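The values are calculated or read from the model by the stated rules, or taken from the named source; none is laboratory data. Since this is a predicted model, take the numbers as computed values, not measurements. Ideal geometry is used to build each Cβ from the backbone, glycine not excepted, and the neighbour counts take in all protein chains shown. Ligands, DNA and RNA are excluded from the accessible area calculation, which covers all protein heavy atoms including side chains. Shrake-Rupley method; radii C 1.70, N 1.55, O 1.52, S 1.80 Å.
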Amino acid sequence: MTKTIGVISIKGGVGKTTTVSNLGALMSSQFDKKVLMVDANFSGPSLGLHLGVVNPKQTLHDVMTNEAHITTAIYEHEAGFHVLPGALMGKKVNSYALKSKLEEIKHMYDVILIDSSPNLNDEMLATMVASDEILVVSSPDYPTLSATLHAVKVAKEKKVPITGLVLNKVRGKSFELSLKDIEEASDVPVLAVLKDDINVLEALAASKVAALHKPKTNVSIEYSKLAGALLGQNVRDPRMLNRVRDIFIKDFEKQAVNRQVLVSNRK
Ligand SMILES: Nc1ncnc2c1ncn2[C@@H]1O[C@H](COP(=O)(O)OP(=O)(O)OP(=O)(O)O)[C@@H](O)[C@H]1O
Ligand SMILES: [Mg+2]
């Protein structure tokens, strides 16, 4: 059955598009899934640019205004996954039509990932309505946490299951909020902790997906483990030191424990 996963935050620039593009690319290349990534950030689309789809002829905007059939606005990336980009200068659309438009092609995919708007408006609500489950992206600072708590509240009111939180751009500084603080405030499990990593910016500058471009970085490995957990699979850490720590010291990170619970629930 196709799984539609919405990626949201009520804050710009925290890493929604980066999360969608890395998870989608890994689910396709590492887990062999048929993946479609959809840019439902109608007012500020950028997924196409993250994935090297520049100036697409047809876009999701054309689909939403009934000027194009959805299949004509889907592009195949050289790595095998599919992208449904938005138009940078797109017309105003009725975002709530997203769900019914995606229904038409859902059967073609194992996973559909929806990249959302950072604003609490119809665009974000449309992503929630079209999704079977939600991932919330946050960073470890108070303004973002407060926006995250708001996003969690709205998703709960809409009765959209929240699978977990992705904690991004972590620098490991003592002034940052901890995973524990964030879990306690939101009552949502943190499923991945991603370092603030220059490789992510370097990959973006080259229109490449970081996890495919530099698969051995902390960010890439963490995205790979998250992609696996969302698909109900455990991913072994390729780093020898981390494996030794897990086996002998049994110092499991909380996000790893949360992913294990998710995998068990999905079996
Ligand atoms: N872990 C990371 N380390 C370093 N840079 C990152 C990381 N994650 C994302 N970035 C960078 O932060 C910027 C914003 O990321 P992204 O576009 O994914 O955010 P967004 O939440 O989708 O933003 P918007 O709300 O505007 O759509 C980009 O330049 C991206 O490359
Ligand atoms: Mg974005």
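Looking at the stretch 102-126, which of its residues are more than 16 Å from ligand 1 (Cβ to nearest atom) and either touching a residue at least 40 places away in the same chain (Cβ under 8 Å) or touching an Asp or Glu at 6+ places or on another chain (Cβ under 6 Å) (or both)?
Matches in the stretch 102-126: 102, 105, 106, 107, 108, 109, 110, 111, 112.
Considering each of 204, 194, 212, 231 in turn, give the residue that is at pLDDT 95 or above and open to solvent by less than 20 Å² (accessible area, probe 1.4 Å).
194
Does residue 151 satisfy the condition of being assigned to a helix (DSSP H, G or I) and open to solvent by 20 Å² or more (accessible area, probe 1.4 Å)?
no
Being at pLDDT 95 or above and among the charged types (D, E, K, R) is the requirement here; does residue 259 meet it?
Answer is yes for this residue.
Six or more apart or on different chains, Cβ under 7 Å: which pairs go from a residue in the stretch 1-27 that's farther than 23 Å from residue 203 by Cα to one that's of a type in the set (Lys, Arg)? Could you list them?
Here the result reads 2/106, each pair linking the stretch 1-27 to a residue that is of a type in the set (Lys, Arg).
Test residue 85 against the stated conditions and say whether it is on the phi < 0 side of the Ramachandran plot and surrounded by 24 or more Cβ atoms within 10 Å (Cβ to Cβ).
yes
Restricting to the stretch 88-111, name every residue that is in contact with a Gly (Cβ under 9 Å, 6 or more places away or on another chain) and modelled with pLDDT of 95 or more.
111
Of the conditions (1) part of a strand (DSSP E or B); (2) open to solvent by 30 Å² or more (accessible area, probe 1.4 Å); (3) under 25 Å from residue 74 (Cα atoms), residue 169 clears all except one; give me its number.
(3)
Might you let me know whether the stretch 186-198 holds any residue that is among the hydroxyl-bearing types (Ser, Thr, Tyr) and touching a Ser or Thr at 6+ places or on another chain (Cβ under 9 Å)?
yes
Among the residues of the stretch 15-67, write down those that are open to solvent by less than 30 Å² (accessible area, probe 1.4 Å), within 16 Å of ligand 2 (Cβ to nearest atom) and small (Gly, Ala, Ser).
Matches in the stretch 15-67: 15, 21, 24, 25, 40, 48.
Just to check your reading of the model, which residue among 110, 122 is surrounded by fewer than 21 Cβ atoms within 10 Å (Cβ to Cβ) and closer than 30 Å to residue 265 by Cα?
Of 110, 122, the one residue that is surrounded by fewer than 21 Cβ atoms within 10 Å (Cβ to Cβ) and closer than 30 Å to residue 265 by Cα is 110.
Quick test of your reading of the structure: residue 208 fulfils all but one of (1) out of contact with any Leu (no Cβ under 6 Å at 6 or more places or on another chain); (2) basic (Lys, Arg); (3) not in a loop (DSSP other than H, G, I, E, B). Name the failing condition by number.
(3)
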